[in-house]
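Trainee: Here's a structure for you.
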Amino acid sequence: MENVRIGYLALSKLSWRTAKIDKIAADTGKFLSEQSACSLVQAAGLITSEAEAEEACAVLNREGIDLLVMHFVTFPAGALIPLIASRIQVPVVLLANPEEAGAGKMWEQNSFCGANLGAFVMRRMAKQYGYLKVLPAETPAALHKFIAAARCISVLKSRRIGLIGGRVPGFYTSNFDEMKLRSHFGTAVEVSDLLEMVDTAAKLSEEQLAEGRAVVKKSAAKVHCVPDTELELAAKMFASFKAMAKKYKLDAFAIRCWPEASDIFGIAPCAVIGMLNDNGIPASCEGDVPGALTMMILKALAGEGMPLFVDLISYDEKDNSGVVWHCGAAPTSLCRKFEETEYRLHFRVDGGDKKGVTNDFALKAGRVTVAKLDQDADGHYRMLIAPGTAVDTEPFIRGNPLRIRFDMPVGKLIDTIMMKGFEHHYTVIHADLKDELLQFCSWMGIEPVMAENS
């Protein structure tokens, strides 16, 4: 999990400063410093003047931060807020504390009122910000969704997606604006041909081949009618993609898996795509770059685990469920039972059951989030968000099925998908990321779309 650098500035009016106020700031800093997968950057003491704010911002910028916690320990001198906002170019969390009247009926902090002023300034200066009102000890847990969103924004700026072979025929849903994607998210796309994958496979070292064979061997419990020659091709394909990832510094793939991949290489890449995912490289099918980007977003927000690239193939309003599925490209780490995992020949390629390799198994139960980033007809980014609970699913069809009971009425979800014209590809992660996705969308200027809000 990537480390998030949190900047902390505690603001106060000088005339309001007391030992109690100093302790609130010190306690908050202490609790923030103990946050897992984070490091704290702070200037010493309370910020009470513009000179101190200038110096503190210089420290934070020099050290480099991903998120700023602006703590209104008391109502501050108002000029501090726009000064800090203009110097710090990362999302800001405005932190206020609950309080009660002190000795002599003194309202000692006026913390929320200060944060209210902060919100006014942030909005007028077009800054990305959030708000919390919690006690010092509660601050780390309350920051979770903001930290996740900041981590994701930072991670995407350095990521590279390999588009291998382009999109598949007729899948206009996989189209994307490369320069807009680069400008908005910072993520680069490296375009390569399928023939480069073939050529790379022909030049693999024995060490690379050995790694590919080991991955193939451990990624399924059984083999059903798949010749050893095709399992060897799977090992070569996996090793080829790994070599291309190293060559081009790729963090994810969007792979044109049909129609010609099985002809020029001998197998379709389905099971290999699952292996890439299991080895920490998100990979989408059918040349879907927005799908690969959505997978990277979910992975970064969750901090662990691997998303799944799927179609939504059926739904049942009676039990408020839908079935997501793809044709054998799921990572084995998401299987219901490892003993059910089985390499098989692809059930559609060349008429079915003639070439491999797919990995058939049902997927595991648990809390999940279905999401997909796309561009609407006018070009703006939007994100479908649909949390739910995956239930125990029998392997009732070939490929990788999973039945999900959604938190919202499935009929409303389907109406939202259909009437808003969403793509037919989705991503699923075994985590409840509704709050994190909403925060990420807010800071990234993405329209969140949820059935209950439609």
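Trainee: Among the residues of the stretch 273-292, is there at least one that is among the β-branched types (Val, Ile, Thr), over 30 Å from SER36 (Cβ atoms) and surrounded by fewer than 22 Cβ atoms within 10 Å (Cβ to Cβ)?
Mentor: Taking every residue of the stretch 273-292 in turn, none turns out to be among the β-branched types (Val, Ile, Thr), over 30 Å from SER36 (Cβ atoms) and surrounded by fewer than 22 Cβ atoms within 10 Å (Cβ to Cβ).
Trainee: Restricting attention to the stretch 380-391, which residues are touching an Asp or Glu at 6+ places or on another chain (Cβ under 7 Å) and of a type in the set (Gly, Ala, Ser)?
Mentor: The answer is GLY388, and nothing else.
Trainee: Okay, moving on. Within the stretch 183-241, how many residues turn out to be more than 18 Å from SER262 (Cβ to Cβ) and of a type in the set (Phe, Trp, Tyr)?
Mentor: 1
Trainee: Further, regarding this structure: Within the stretch 364-373, work out how many residues are more than 15 Å from VAL310 (Cβ to Cβ) and in a strand (DSSP E or B).
Mentor: Matching residues across the stretch 364-373 total 2.
Trainee: Tally time: how many residues in the stretch 265-315 are among the β-branched types (Val, Ile, Thr) and part of a loop (DSSP other than H, G, I, E, B)?
Mentor: Of the residues in that region, 2 qualify.
Trainee: Going through the stretch 49-75 one residue at a time, which ones are buried (at least 24 other Cβ atoms within 10 Å of the Cβ) and among the aromatic types (Phe, Trp, Tyr)?
Mentor: PHE72
Trainee: Could you figure out which of (1) assigned to a strand (DSSP E or B); (2) without any contact (Cβ under 8 Å) to a residue 12 or more places away in the chain isn't true of GLY388?
Mentor: GLY388 satisfies every listed condition except (2).
Trainee: Scan (1) surrounded by fewer than 24 Cβ atoms within 10 Å (Cβ to Cβ); (2) farther than 18 Å from CYS270 by Cα; (3) assigned by TED's automatic domain parsing to the domain that holds LEU231 for the single condition LYS372 breaks and write down its number.
Mentor: Just one mismatch for LYS372, condition (1).
Trainee: Among what's in the stretch 375-403 and is touching a Ser or Thr at 6+ places or on another chain (Cβ under 6 Å) and crowded, with 21+ Cβ neighbours inside 10 Å, pick the residue that is farthest from LEU308 (Cα to Cα).
Mentor: Filtering first and then ranking leaves ARG403.
Trainee: Just name the residue that is farthest from ALA96 (Cα to Cα) out of those in the stretch 8-25 that are β-branched (Val, Ile, Thr) and surrounded by fewer than 23 Cβ atoms within 10 Å (Cβ to Cβ).
Mentor: THR18
Trainee: May I pose another question? Residues of the stretch 28-48 being of a type in the set (S, T, N, Q), surrounded by fewer than 17 Cβ atoms within 10 Å (Cβ to Cβ) and either outside the structural domain of LEU80 (by TED's automatic domain parsing) or closer than 18 Å to LEU94 by Cα (or both), which ones?
Mentor: SER33 - this is the single residue of the stretch 28-48 that is of a type in the set (S, T, N, Q), surrounded by fewer than 17 Cβ atoms within 10 Å (Cβ to Cβ) and either outside the structural domain of LEU80 (by TED's automatic domain parsing) or closer than 18 Å to LEU94 by Cα (or both).
Trainee: Going by the conditions given, is GLU230 in the same structural domain as ASP353 (by TED's automatic domain parsing) and either touching a residue at least 12 places away in the same chain (Cβ under 8 Å) or over 28 Å from ASP374 (Cα atoms) (or both)?
Mentor: Yes, satisfied.
Trainee: When you go through (1) of a type in the set (S, T, N, Q); (2) under 17 Å from ILE429 (Cα atoms); (3) crowded, with 22+ Cβ neighbours inside 10 Å one by one for ASN359, which number turns out not to apply?
Mentor: Of the numbered conditions (1) of a type in the set (S, T, N, Q); (2) under 17 Å from ILE429 (Cα atoms); (3) crowded, with 22+ Cβ neighbours inside 10 Å, the odd one out for ASN359 is (2).
The values are calculated or read from the model by the stated rules, or taken from the named source; none is laboratory data. All values reported here derive from a predicted model rather than from experimental measurement. Reconstructed Cβ throughout: ideal geometry from the backbone, glycine too, with neighbour counts over all protein chains shown.
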